[in-house]
1. Among the strands (runs of 3 or more DSSP E) lying completely within segment 384-446, list those that include at least 2 residues that are within 28 Å of the chain's Cα centre (by Cα), at pLDDT below 85 and at negative phi.
2. So if I check each of Ser486, Ser459, which one is surrounded by fewer than 23 Cβ atoms within 10 Å (Cβ to Cβ) and assigned by TED's automatic domain parsing to the domain that holds Asn509?
3. Would you confirm whether or not segment 541-560 contains a residue that is small (Gly, Ala, Ser), farther than 20 Å from Leu419 by Cα and buried (at least 21 other Cβ atoms within 10 Å of the Cβ)?
4. For segment 117-128: of the residues being at pLDDT 85 or above and surrounded by fewer than 21 Cβ atoms within 10 Å (Cβ to Cβ), which is farthest from the chain's Cα centre (by Cα)?
5. Six or more apart or on different chains, Cβ atoms under 8 Å: show the pairs whose first residue is in segment 230-246 and under 13 Å from Ala316 (Cβ atoms) and whose second is among the aromatic types (Phe, Trp, Tyr).
6. Using the structure shown, decide if Ala531 is of a type in the set (A, V, I, L, M, F, W, C) and under 19 Å from Gly439 (Cβ atoms).
7. Can you find, within segment 296-316, the residue that is nearest to Tyr354 (Cα to Cα) among those that are in contact with a Phe, Trp or Tyr (Cβ under 7 Å, 6 or more places away or on another chain) and surrounded by 18 or more Cβ atoms within 10 Å (Cβ to Cβ)?
Amino acid sequence: MRNKLTTSKFGLVLVGWALLVLVFTGCPMGTVSATDVYIHISDGDHPPNPIFLMTPGPEGQDGFYPPTVQLLAEVYPPNADNVVKNWNSNDGSIATVSNDGLVTAISPGLAIITLTVGNLLARANVYVDEWAPPSVQGSKSGYAGDLLILQAGAAAAGAIGRTFVELYNTTNQAINMNNFTLQHADGTGRWFVIPLTGKTIPANSSFLIVGELATLPETRRLQISDAEADMVVPGFNLNNRAFRLALMENQHRLTVPNPSNMGGAVVDMRDGMPPADVPCSRTIGYTAAGLIDLLGVVNEWGDPRDVIYGAEASPAFRISQQVAIRRVSLNDTNNNFNDFRLIDYREWSGGNPYRLTGEQVYIFRPRGSSFYPRNIQFPEPGQEFDPGPGTERLLILQANRSGNNNGGGGGFPRALVELFNNTDSPIDLVAGNFYLHIGDATDWTHVIPLAGTIPSQSSFLIASTTDTNPVYRADLPAADQYAEFSMGAANNWRVALMINQSELLTVDNPFTEASLSAYYVDMLGVGSATAFETQAAPSTQPQGPRRISLEDTDNNNADFSQADFRGHWEGTARTPNAGLYRIWPRNASAGEWNPVSGVPAVHPTVRDPATGDIEFPVVP
C-alpha cells in the first residue's frame, strides 16, 4: 500500500495515515473495503503550510493577510467522501473553524486546526496577526540617523542568555514611540511585528527589548533580567544563523524582503538643461515609508544556512548564540557591514581578540532606559580598558558616620552619603530605580530607595535622621533626601549604589558578584569591611573617605583619601575655615560644580563646637 503525506502553502500536514475500511449502504456508493484512504486539506488551489491570517481591519481596508480562509477536506478514494469529517480548533479565542472548514481569525496567536476522518488526522498551524496595513514605498523617517539599532543578539545554548535588541536615542530629547514598531524576520522569512506603542526613549539613552529567558540563565555570561528590560516579548526569538531587524515609524507590516530597497523610479534630471534631446535621467530608489533603521546579519559568508534577503547595503558579520552584533560608532553610514562588528560574550582569552574582559562585559552589555543617561563607549574588543573621566556610572563622592566629635570638635552633624552626577544630563533616580545599600563591616543593614533628580555635574545629599552628632564643625545644607540609617562601627562600613535592588543585599560584595553586574553602579568599602572595590579605603574617624578625582579606577584605596573635617589650627593639616568649601558636602540645589577644585565656592557656616557661635563666614 502507498504512504501518503501532503503539505501546502497554507499549512497542512498529514501527520498520520491508516488502512481504513469504510462501509456504506445504499446506491450508488456500495461498499468500500480494503482501500487506501487518505485525507488532504487545501484552500482550493494549494495545500497550506502554514496559514497566516489577520484580525479584521477597519471596514473597507484590507490587511496583508485575510481575516478568513476556506479550507477544503479532500478524501480519497472519491466513494469515501461521505464519511464524517470533524473540524476543530485547539484555541477558539485565536481562530475558530466552522463545520465546513471556514477558519476565522479572532485575536493574535497560534491556533491548531485539525481535521479528522475516521482514525486519520490532518493538522494546520494558523498564525493570527493583529491587523496592519501593508508597507508602501516612500521615504525614510525623520528619526533615521538619530534613533539607532545599537546592538542585537540571538540566544540558544551559548553565552547569550536571551534574544535582545537594544535601541539608542542619540538626541537630547525624549522620543515618544506611540506609532513605532520593531519588526523582525529570519534571513528569508516573513516579518513579525512588535508594537512599541506607549513607550518612550529618554534623551541619550537606550531602550531594551528582550525575548523569553533561556534555560539555565545562570550559566550564561551575558545574563539579562526582566527588570533590566523595557519590554519582555513572549515568543520573540532571533535566528542565530541570519536575521533582519527593521525599526519603523508606523504600524505597517513589512511585505518586502528588504525595506531599504523597494524598487525605484526613473526621473528626469534636466530641469531645462541640458537640451531636451540629450538624455539626462537617473533612478531614485525607494525605501519602505517610515523606515528608521535596518540591520541584516549572517553567521557565515557562503554558508547555505545563512541566506539573507535584506540589509542596509551589505549585511553585518557575524551572529551566533555566543556572539552579538554592535555598532562601532554612533555615525550611521547606512552600510551594515561597515557600521557593526561582532561582540563575543564568551570568557575572555588572549587567543581570541573579540572576546570581552569582565570590564568590557559591563561596558558593552545591553541596557534599558532605567540606565539613564547612557554614555555609549566603543573600546576595542580584548583591549585593556580604563573608564577614565566621564565614566557613565553615578559616583559615590563621599560618605561618613556622625559622632566624629573628638580632636577639637568637628565632623558632620549627621551620617551622610554624597553622590555626584558626572554626566552632562540630569539623572532621575525614581525612573532609574536606584537604591542605596548601607552596612557595617560584615553585613548589609539598610536599603534606601532613592527619589529625586540629580542635575548634571551636581551633587545629591542623603542624610541620616537617626545617626546624629550634637558637636559638629559646620552646618550641612538641607539634604535632598533624609532616611533612617547607621553605618555601624566608626571606621569599618560599606555603601553601595545599585539599580533595581529593592531588597537588602544578601551577597557580601556586589562588586565581585557576576549575577549583579547589570545592577551595580558604585561602592565604597572602608577599614576592615569585607565589601569594597579591589581594596578598601582607609578611614580614621573623624576623618572620612572622599574621592580625589572623578576618574574611577574601581579601586577604593586608590580612588579615595581621608579628608579631615575637624576644626583647624595652625601647625595641623586640617582644612582651614576659608577652604572648607572644597570638601564640604553639597546638595542638588547647589548646582553644577567641580568637586575636586570646589569651584564655584559655596562656603558652609562654621560654628565653634563649644559655644555654637558662627565663626565663618564672618557675620557683620
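The values are calculated or read from the model by the stated rules, or taken from the named source; none is laboratory data. Because the structure is a prediction, the values reported are computed rather than measured. Positions of Cβ are generated from backbone atoms using ideal geometry, with glycine treated the same way; all protein chains shown enter the neighbour counts.
1. Values: elements: 395-400, 414-420, 434-440.
Strands (runs of 3 or more DSSP E) meeting the threshold: none at all.
2. Answer to the selection: Ser486.
3. Initial filter on segment 541-560 (small (Gly, Ala, Ser)): 544, 549, 558.
Restricting the remaining residues to those that are farther than 20 Å from Leu419 by Cα gives none.
Scanning segment 541-560, I find no residue that is small (Gly, Ala, Ser), farther than 20 Å from Leu419 by Cα and buried (at least 21 other Cβ atoms within 10 Å of the Cβ), so the answer is no.
4. Asn125
5. Close Cβ pairs satisfying both conditions: Arg244/Trp191; Arg244/Tyr309.
6. yes
7. Among those that are in contact with a Phe, Trp or Tyr (Cβ under 7 Å, 6 or more places away or on another chain) and surrounded by 18 or more Cβ atoms within 10 Å (Cβ to Cβ), it is Ala316.
Residue-wise test of (1) touching a residue at least 40 places away in the same chain (Cβ under 8 Å); (2) of a type in the set (Gly, Ala, Ser).
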residue	(1), (2)
Val417	yes, no
Leu429	no, no
Phe434	yes, no
Gly439	yes, yes
Ala451	no, yes
Pro477	yes, no
